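Working notes, beginning with the structure itself.
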Amino acid sequence: MADYPAAARPLVELQPSARFFVGIDSDGCAFDTMEIKHKECFCPNTIKYWDLQGVSKYAREAVEFVNLYSKWRGINRWPALVMVFDLLRERPEV
């Protein structure tokens, strides 16, 4: 069996008691978790791993806009990343 994080163990070890499974996607639909997830995890890691520390103020603004406050909220992470880079390219400060 693959090595799963402790938090995932209950779901991994779940034994079916019915022919169907009902799950709730908590990416902001059922619970308001998107803001903290993006601001505390995805945005800092985008800045870190794409080497955007020098323009972190503008990168954070673009990441938060695309992923949280625009009509594209909830878009797949890869197209969102492209949108972030497009927005940064348009900034004269960057």
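Any read-out appearing in this document is the output of simple, stated calculations on the displayed coordinates, not a laboratory observation. Here the structure is a predicted model, which is why all the values come from computation and not from measurement.
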Isotropically averaged projected area of the chain, using the convex hull of Cα atoms (one quarter of hull area), nm²: 8.4
Cα-based helix-to-principal-axis angle, 77-90 vs the chain, degrees rounded to 10: 10
Lysines whose Cα lies under 17 Å from that of residue 37, excluding same-chain neighbours fewer than 8 positions away: 48
Spatially proximal aspartates and glutamates relative to residue 57 (Cα-Cα < 13 Å; intrachain offsets below 8 disregarded): 93
